[in-house]
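**Student:** This is the structure, below, for whatever I ask next.
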Amino acid sequence: MIGADGENHGVVSLSEAQRLAEEAQLDLVEVAPNATPPVCRIMDLGKFIYQRKKKERDARKAQAKIEVKEIRLRPKTSEHHLQFKVRDARRWLEKGNKVKVRIQFRGREIHYPEIAMESLREVAEELSDVSIVEYQPSREGRSMLMILAPEKSDKK
């Protein structure tokens with residue numbers, strides 16, 4: 001048994017451990033039931049649960065949230081319009097977001113995937129200084145998809 005102050009009391013009977021917990025006005029908690037003999041601790045269980053939940057909340061807040069932004073293009077997208085989209089993607093990548101580049105096919109455009117592949121290759125090339133290709137271009141139904149992730153920079 002481990003006391004309220006953290007010191008080890010050694011092997012104590014159950015009735016003695018319960019008596020000590022009542023004297024300290026705390027709870028007797030079994031922390032290692034599979035050990036021989038089982039290990040119990042005298043503590044304030046409500047306070048312990050509250051502190052554990054608080055640590056979990058703080059850990060969730062500290063996690064980096066990576067957002068995935070998307071730009072949608074067509075095989076016939078003009079060069080000028082493409083530059084606007086690439087500029088947006090560059091801004092998002094510099095902020096640390098991932099960018100999904102999707103080329104949507106309509107009608108017979110689906111029979112010419114090489115046009116879409118070339119567009120995706122151009123986008124990846126223009127953004128190669130701030131990103132890496134995380135997911136290579138592939139066809140999914142009536143669209144072609146590529147995911148760019150921000151480049152890891154070790155400038156610390």
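The values are calculated or read from the model by the stated rules, or taken from the named source; none is laboratory data. Note that this is a predicted model, so its numbers are computed, not measured. In this analysis, Cβ positions are derived from the backbone assuming ideal geometry, glycine residues included, and neighbour counts consider all displayed protein chains.
**Student:** Can we say Val68 is buried (at least 16 other Cβ atoms within 10 Å of the Cβ) and not polar (S, T, N, Q)? Walk me through it before giving the result.
**Tutor:** Working: buried (at least 16 other Cβ atoms within 10 Å of the Cβ): no; not polar (S, T, N, Q): yes.
Judged against the criteria, Val68 is not a match.
**Student:** Turning to a different aspect of this structure: Can you name every residue in segment 140-149 that is out of contact with any strand residue (DSSP E or B) (no Cβ under 6 Å at 6 or more places or on another chain) and at pLDDT 90 or above?
**Tutor:** Residue satisfying the conditions is Arg142 alone.
**Student:** Among the candidates Lys69, Lys65, Lys54, which residue alone is at pLDDT below 90 and basic (Lys, Arg)?
**Tutor:** Selected residue: Lys65, the only one of Lys69, Lys65, Lys54 that is at pLDDT below 90 and basic (Lys, Arg).
**Student:** May I ask you to say which residue of Ala59, Ala89 is among the aliphatic types (A, V, I, L, M) and at pLDDT below 90?
**Tutor:** Ala59
**Student:** Give the residues of segment 114-156 that are under 24 Å from Lys95 (Cα atoms), part of a strand (DSSP E or B) and charged (D, E, K, R), sorted by residue number.
**Tutor:** Quick first cut of segment 114-156, residues under 24 Å from Lys95 (Cα atoms) only: 119-137, 145-156.
Subsequent filtering for residues that are part of a strand (DSSP E or B) retains 131-137, 145-150.
Listed by number, the list holds a single entry, Glu134.
**Student:** Please specify each residue of segment 96-149 satisfying the condition of being more than 25 Å from Ala64 (Cα to Cα), of a type in the set (Gly, Ala, Ser) and surrounded by fewer than 18 Cβ atoms within 10 Å (Cβ to Cβ).
**Tutor:** Within segment 96-149, Gly107, Ser138, Gly141, Ser143 qualify.
**Student:** Return the residues of segment 58-91 that are under 22 Å from Val130 (Cα atoms) and under 18 Å from the mean Cα position of the chain (by Cα); say none if nothing qualifies.
**Tutor:** Ala64, Lys65, Ile66, Glu67, Val68, Lys69
**Student:** Would you check if there is a residue in segment 63-81 being of a type outside the set (Ser, Thr, Tyr) and touching a Gly at 6+ places or on another chain (Cβ under 6 Å)? Please lay out each step first, then the result.
**Tutor:** Going residue by residue through segment 63-81, those that are of a type outside the set (Ser, Thr, Tyr) are 63-76, 79-81.
From what is left, the residues that are touching a Gly at 6+ places or on another chain (Cβ under 6 Å) are none.
Checked segment 63-81: no residue is of a type outside the set (Ser, Thr, Tyr) and touching a Gly at 6+ places or on another chain (Cβ under 6 Å).
**Student:** Further question: Among the strands (runs of 3 or more DSSP E) confined wholly to segment 1-101, which include 1 or more residues that are under 17 Å from Glu125 (Cα atoms) and free of Cβ contacts under 8 Å to residues at least 60 places away in the same chain?
**Tutor:** Once the strands (runs of 3 or more DSSP E) in segment 1-101 are filtered for at least 1 residues that are under 17 Å from Glu125 (Cα atoms) and free of Cβ contacts under 8 Å to residues at least 60 places away in the same chain, what remains is 68-73.
**Student:** Go over the candidates Glu94, Glu109 one by one and state the one that is more than 19 Å from the chain's Cα centre (by Cα) and charged (D, E, K, R).
**Tutor:** Glu109
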